[in-house]
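Quick notes on the structure that follows.
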Amino acid sequence: MIRLEKRPQPSRAWSYATPVLAVIVTMIAGGILFAVLGKDPVLSIRTIFWDPLFGEFAFYYRGQLLVKAGPLILIAIGLSLGFRAGIWNIGAEGQYIIGAICGAAVGLAFYPMEARWLIFPLMVIAGAVGGFLWAMIPAILKTRFNTNEILVSLLLVYVAEQLLASMALGTLRNPEGSGFPGSRNLQQYDSAANTELIAGTGMHWGVVAALLAVIGAYVLLNRHMLGYQIRLTGQSPRAARFAGVRPRLLVVFCLGASGALAGLAGLFEVAGPAGQISIDFNSGYGFTAIIVAFLGRLHPVGILLAGLLLALTYIGGEAAQATLGLPAAAIQAFQGMLLFFLLAVDVLTNYRMRFGRAEVA
Amino acid sequence: MADTLLSIEGLTKAYPGVVANDDVSFTVSEGEVHALLGENGAGKSTLVKMIYGLVKPDAGRMTMRGAPYEPATPHAARQAGVAMVFQHFSLFDALSVAENVALGMEEAPKQRQLARRIREVSETYGLPLDPDRLVGDLSAGERQRVEIIRCLLQDPKLLIMDEPTSVLTPQEVEILFETLHKLQHEGTAILYISHKLEEIRTLCDNATILRLGQVVATCDPKTASAREMAELMVGATLHTPSRAAKAPGDVVLELSGLSVASANPFGTSLKDITLEVRSGEVLGIGGVAGNGQDELLAALSGEAPARAEAVCLHGEAVGRLGPNARRRLGLLAAPEERLGHAAAPDMSLTENAVLTGAIREQLVANGFLKWPEAKGFAERIIEAFDVRTPGPGNAARSLSGGNLQKFVIGREILQRPICLVVNQPTWGVDASAAAAIRQALLDLAAEGVAVVVISQDLDELMEISDRFAALNEGRLSEPRPAQGLTVEEIGLMMGGAHDMEVAHVDG
């Protein structure tokens, strides 16, 4: 019989080891899943984890890795601040959409003026402000009326999606697009394009912003009073009040910061890899970032690694769909397993396993 | 000497990492009141849990009236005539007294019959209690009577009582003792667990003293002095806190008409509290738990804002200020709940030093934390208050209650407060650590700090207070000089008017 015994303090070694263990267990369970579906499990896992990095077409996939990981990391860093304090922004997808709409709208308003030094920075600011304001709706409702930020932020995702459709079909539609939905392509508008900085690497301004966010969050959490207050509030709200933390201010800061970062991610996506506002512009980065944040243990460096890992499963998953004919649902289940196993093995950080007969207590 | 009722030989129980009971032996005679004395963690609770069938001993044996006694469950223990009144009550607020009693019985009789029996027992033993009242409306003392009557209905041969007086006013204690004496005369043996020595001296015939799981002595509490017993409990010579005589200084803290609604629906709102604390003075605030102690601390620490003029520090209105603004002015506080209020359990001691020390110890510059200085501050606390821990990097929850309490109190004292407010400063702390904390509070007062000590331990308050006041349902009694106060007066101040008359005690 196995018993769990609470550790006097969380094990540092296990807190590093559990993500690795979770990935390994996911590979095993995923392999079984793929085998049941009639695919070669070893080949499937290889296609997902190995080929995009070191396979024949790695030169293409490697660039995609940063393109996918950038927005995931950027959004997850913002979410992790709130999650640490027990403030649950589940609506990053909505803030991402609104950031993209606002940023793109600013860029399109200047079309066809050529002034990159002015237009692109303005778009970046508009993207961040858009995401920030969208996140302020749950923040203000929570601080004023004590509503649940989980529900409000989540439901606003659907509002944002409708707004996106309306923009793509109406206000922001390309006047020269012969009636097709979707805006002008910002990639073809030099002053607004979020171009690849080093050719072939997938490195664009959004990736730079993600790296800056990682560093900023690390400094904030480990060196700054505000980061200390965020961690304290998450651990024991009563002690936080005693320490003089103002809970409402923290709600506004955490939701605002995560909204702004999600908005930035949306802007960099619409001006870069996506290129235009379209009905199906959003692809679930805002939700996947929640997995990234937890997979990275809400730690900035962990999130950086988790973002890259999840991007890999996306790219590898697509490759597996294309080459092996794995169903898309199987890939999603596989990604879900990763979070599931991570949370499951997490118990080892706080508890010690004891094998043997239970004592009569 | 009466016949032996319960005899315990060589009981041993080990938990991973700690031996809770090591070869414990003693006997309880019929009709004897036997005290089980020891500090927190001495193994008293484990021992009675074994007698009550909640814990199975690793070794040793028990006999009841000569027959082997090995209760596997509390049910078996009750069948053998053992009953227990726990420190924490297990009652349902929404049910009446009689319904609660019925829930604990094996074969409950009809409600009306049961109510009659409850009345009989309560009259016989002088425990006033109305079987039809809702438990939610009862005081702590009355709730305890429900538990006791529940036990008495089983006609126990041995009644175990775990720290029964910790929730009672002095008058209620007197009623309880009357009852216990009556039971004793009828031949019921009582195993009485406590660390309050005076109580044991008035009540008990024999005492077994436990330290670190072992029996260190047995004595007759009627002849042994309280000091002797305390030293046996602690295993060291006790230092009685000493203080220098001094003249009270200027008024430092002034509360005038302080009323604060409780944030918690089950809390107690503060009503019109007025008091003055002078420099160099210790004001003791007593009262039964749940009469507004937490709320008063929150109102003073700044967690619960009040009318600006209701709280004045050196004449400055601070009622609206938050905790950090008050700390800046020198008004510091240490709450009762160590884990989760005074300290964050999973954070290191260094991080916990920042929790309240950030401002006065200047551990923050431009919003950035100065970790080396914070660690230094934590180390100074550990050093000055003899906190037993491998180092400041350890999590707060890895410390024992007493050590963490020393850390939490030390953290405030080292910040050189102008006024310090503490709630239950020695709760759950062993006697030597408690003495050290009390001495530190007295030293602080000697340096001219105004000290407010909120506590439920009357002995502690009498030992260190210059003046004493009591909280009752959110109101504060008029503070009076502590010297010369009698137990009766204190009881009246605590509002111990819950059924003060001993009902129908007739031989």
Selection over segment B:321-335 where residues are open to solvent by 20 Å² or more (accessible area, probe 1.4 Å), in a helix (DSSP H, G or I) and more than 7 Å from chain A (Cβ to nearest Cβ) yields a count of 3
Looking at segment A:255-267, can you tell me whether even one residue there is more than 21 Å from the chain's Cα centre (by Cα) and either open to solvent by less than 20 Å² (accessible area, probe 1.4 Å) or away from chain B (no Cβ under 14 Å) (or both)?
no
Looking at the structure I just gave you, is B:GLY357 out of contact with any Ser or Thr (no Cβ under 7 Å at 6 or more places or on another chain), at pLDDT 90 or above, not polar (S, T, N, Q) and not assigned by TED's automatic domain parsing to the domain that holds B:LEU442?
yes
If I ask for residues that are within 26 Å of B:GLY290 (Cα to Cα) and either open to solvent by 90 Å² or more (accessible area, probe 1.4 Å) or aromatic (Phe, Trp, Tyr) (or both), which ones from segment B:104-132 would you list?
B:ASP132
In segment B:336-346, the residues that are surrounded by fewer than 22 Cβ atoms within 10 Å (Cβ to Cβ) and among the hydrophobic types (A, V, I, L, M, F, W, C):
B:LEU339
Does segment B:446-477 hold any residues that are in a loop (DSSP other than H, G, I, E, B) and either of a type outside the set (Gly, Ala, Ser) or in contact with a His (Cβ under 6 Å, 6 or more places away or on another chain) (or both), and which are they?
B:GLU447, B:VAL449, B:GLN456, B:ASP457, B:ASP466, B:GLU473
Can you pull out the residues in segment B:386-408 that are open to solvent by less than 40 Å² (accessible area, probe 1.4 Å), closer than 18 Å to B:ALA434 by Cα and away from chain A (no Cβ under 12 Å)?
B:VAL387, B:GLY401, B:GLY402, B:ASN403, B:LEU404, B:GLN405, B:LYS406, B:PHE407
Determine if segment A:55-77 includes at least one residue that is within 14 Å of chain B (Cβ to nearest Cβ), among the small types (Gly, Ala, Ser) and under 30 Å from A:ARG238 (Cβ atoms).
no
Considering only strands (runs of 3 or more DSSP E) wholly within segment B:159-276, the ones with at least 2 residues that are open to solvent by 50 Å² or more (accessible area, probe 1.4 Å) and modelled with pLDDT of 85 or more are B:214-219, B:251-260
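Table: residues versus (1) at pLDDT below 95; (2) crowded, with 21+ Cβ neighbours inside 10 Å; (3) out of contact with any helix residue (DSSP H, G or I) (no Cβ under 9 Å at 6 or more places or on another chain); (4) not in a helix (DSSP H, G or I).
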site	(1), (2), (3), (4)
A:LEU33	yes, no, no, no
A:THR47	yes, yes, no, no
A:GLY63	yes, no, yes, no
A:ILE75	no, yes, no, no
A:GLY82	no, yes, no, no
A:ASN89	no, yes, no, yes
A:GLU93	no, yes, no, no
On the given criteria, is B:ALA304 within 11 Å of another protein chain (Cβ to nearest Cβ), in contact with a strand residue (DSSP E or B) (Cβ under 8 Å, 6 or more places away or on another chain), among the small types (Gly, Ala, Ser) and surrounded by 24 or more Cβ atoms within 10 Å (Cβ to Cβ)?
no
Could you please find all residues in segment A:239-254 being part of a helix (DSSP H, G or I) and either open to solvent by less than 10 Å² (accessible area, probe 1.4 Å) or out of contact with any Lys or Arg (no Cβ under 6 Å at 6 or more places or on another chain) (or both)?
A:ALA239, A:ALA240, A:ARG241, A:PHE242, A:PRO247, A:ARG248, A:LEU249, A:LEU250, A:VAL252, A:PHE253, A:CYS254
Is there a residue being surrounded by fewer than 24 Cβ atoms within 10 Å (Cβ to Cβ) and free of Cβ contacts under 8 Å to residues at least 40 places away in the same chain anywhere in segment A:106-113?
yes
Please work out if B:ALA310 is among the small types (Gly, Ala, Ser), touching a Leu at 6+ places or on another chain (Cβ under 6 Å) and more than 12 Å from every other protein chain (Cβ to nearest Cβ).
yes
Segment A:190-225 - residue that is within 14 Å of chain B (Cβ to nearest Cβ) and assigned to a helix (DSSP H, G or I) and, of those, least open to solvent (accessible area, probe 1.4 Å):
A:LEU221
Just one of the numbered conditions (1) part of a helix (DSSP H, G or I); (2) open to solvent by 20 Å² or more (accessible area, probe 1.4 Å) is not true of B:ILE149; which one?
(2)
Could you name every one of the helices (runs of 4 or more DSSP H) located completely within segment A:269-355 that has at least 1 residues being farther than 21 Å from A:TYR96 by Cα and not β-branched (Val, Ile, Thr)?
A:300-324, A:328-345, A:347-350
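The values are calculated or read from the model by the stated rules, or taken from the named source; none is laboratory data. Just so we're clear, the structure is a prediction, and the values are computed from it rather than from any experiment. FYI the Cβ positions are ideal-geometry reconstructions off the backbone, even for glycines, and counts take in every protein chain you see. For accessibility, only protein heavy atoms count, side chains too; no ligands or nucleic acids. Shrake-Rupley method; radii C 1.70, N 1.55, O 1.52, S 1.80 Å.
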